[in-house]
1. In the stretch 327-338, which residues are surrounded by fewer than 24 Cβ atoms within 10 Å (Cβ to Cβ) and either in a helix (DSSP H, G or I) or not polar (S, T, N, Q) (or both)?
2. Filter the stretch 237-260 down to the residues that are among the charged types (D, E, K, R) and assigned to a helix (DSSP H, G or I) and list them by number.
3. Suppose we filter Ala234, Ala263 for residues that are more than 26 Å from Pro94 (Cα to Cα), in a helix (DSSP H, G or I) and touching a strand residue (DSSP E or B) at 6+ places or on another chain (Cβ under 8 Å); which single one remains?
4. Condition check: of a type in the set (Gly, Ala, Ser) and not in a strand (DSSP E or B). Does Ala342 satisfy that?
5. Could you say which residue among His137, His127 is out of contact with any Phe, Trp or Tyr (no Cβ under 6 Å at 6 or more places or on another chain) and modelled with pLDDT of 95 or more?
6. State all residues of the stretch 96-121 that are part of a loop (DSSP other than H, G, I, E, B) and within 19 Å of Glu244 (Cβ to Cβ); if no residue qualifies, say none.
7. Just for strands (runs of 3 or more DSSP E) wholly inside the stretch 277-326: which have at least 2 residues that are over 24 Å from Leu104 (Cα atoms)?
8. Looking at the stretch 65-78, I want the residues that are free of Cβ contacts under 8 Å to residues at least 60 places away in the same chain and outside any loop (DSSP other than H, G, I, E, B) and have a partner that is surrounded by 17 or more Cβ atoms within 10 Å (Cβ to Cβ) and acidic (Asp, Glu) with Cβ atoms under 8 Å, at least 6 apart or on another chain. Which pairs are those?
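The values are calculated or read from the model by the stated rules, or taken from the named source; none is laboratory data. Owing to the predicted nature of the structure, the values given are computational and were not obtained by experimental measurement. FYI the Cβ positions are ideal-geometry reconstructions off the backbone, even for glycines, and counts take in every protein chain you see.
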Amino acid sequence: MTYFIHAEKFFLENKTEFGGYLEIDDHGKFGFYYPEEQKPDGKIIDYGDKWIAPGLVDTHIHGLADEDTMNSDWSGINKISESLLEAGVTSWLPTTITDSDERLIATCEKFAAHKGEETGAKIQGLHFEGPYFTEKHAGAENPKYMRDPSIDELRRYEKASAGMLIKMSMAPERNNAKEFVRQAVRDGITISLGHSASNYRDAMACVEAGATMFCHTYNGMDPMSQHSPNLLGAAFSARLVTDELICDGHHVLEPTIRTLIAAKGPEHICLVTDCIQAGLMPDGDYKLGELPVYVRDGMARLKSNNSLAGSILLLKQAVKNLVDWNVVTPEDAIMMASYVPARSINKLDCCGSIKPDKSADFIVLNKDMTLCETYVDGVSRYKNKEVR
């Protein structure tokens, strides 16, 4: 049955509207937005002074709720999908880590075998973080599996994933990197550059070959100086690329976050979490792939060398952090966690904004940016009992 949402504010794709009514049709799709003076006939759900925003899109996440995208079976993957609704996320890309060819193929086959069966946040495709990285900036990735990009391997991953592989992160200084980028982009895959000690020239060669993103900007790359622009300089200066950013206050400090957003504009910043299985879990010991990790003080770190190992960040918190730090407006923070990530993976036709005929995946927020409720296909799927 068609119904209407009434609220104080609606974050539509091109404009933020105050008051009014948002149509949800009987197929679970968005209909029209009607201003306050055009009250429609029919069922109205009144959210009073709350705000309505598109469901968030996390394009870089390894796990949640003690489950891991590579190690968990399908029931565990679906648990991540369901748990993401608590984070305000309605679409996501399960993300791998650097691993053996056999393990990556098995992961592809697992998702292909259950394509479309998830019951929570929608899986829009797969993201390979690695294995084509540089040992110097391995971070929490296992250097023993790092290697040069291979189009033959790409073909096997594409086949095993039944076309679900739509994003890859890689280092531009690897042999044949720009040739690989060209082919992957031709196949419809978004290429993100990172975990790299690349110079500026090699990074920009990959950008001009078709790479359109930078992987968790600042993290896993050399610092920039006025005499060595390198990979980070490319992330700052390439005009039309999109930069991932982890806004937990640990991976990148607030002034440095502010600097990148000011340089690029919020329309070119994609908020990601890089969350691991420890998300939504208590402090303690966990794993990222084969590597032991401990969680304390809001951070996940490798036991071996204390390096940051992904995060326990939820995307709703990244949005709130940017607003609380007065870095951007609520409108831009939401755009950076919904429209921009959806656009970055060429999925704007099915997620990332509130627009007629798109799936009615949306969230209900308080004015302080805390999450009240998450809807998928026009159905309320999560309610925060602690927030009113």
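1. Step one: filter the stretch 327-338 for residues surrounded by fewer than 24 Cβ atoms within 10 Å (Cβ to Cβ), giving 327-332.
Result: Val327, Val328, Pro330, Glu331, Asp332.
2. First, the residues of the stretch 237-260 that are among the charged types (D, E, K, R): 239, 243-244, 248, 254, 258.
Glu254, Arg258 - these are the residues of the stretch 237-260 that are among the charged types (D, E, K, R) and assigned to a helix (DSSP H, G or I).
3. On the way: Ala263 fails: touching a strand residue (DSSP E or B) at 6+ places or on another chain (Cβ under 8 Å).
Exactly one of Ala234, Ala263 is more than 26 Å from Pro94 (Cα to Cα), in a helix (DSSP H, G or I) and touching a strand residue (DSSP E or B) at 6+ places or on another chain (Cβ under 8 Å), namely Ala234.
4. Details: of a type in the set (Gly, Ala, Ser): yes; not in a strand (DSSP E or B): yes.
So Ala342 passes the test.
5. The unique qualifying residue is His127.
6. First, pick out the residues of the stretch 96-121 that are part of a loop (DSSP other than H, G, I, E, B): 97-100, 114-121.
Across the stretch 96-121, the qualifying residues are Ile97, Thr98, Ala121.
7. Working: elements: 284-288, 291-296, 299-302.
Once the strands (runs of 3 or more DSSP E) in the stretch 277-326 are filtered for at least 2 residues that are over 24 Å from Leu104 (Cα atoms), what remains is 284-288, 291-296.
8. Final answer for the pair search is Gly76/Glu67; Gly76/Asp68; Ile77/Glu67; Ile77/Glu118; Asn78/Glu118.
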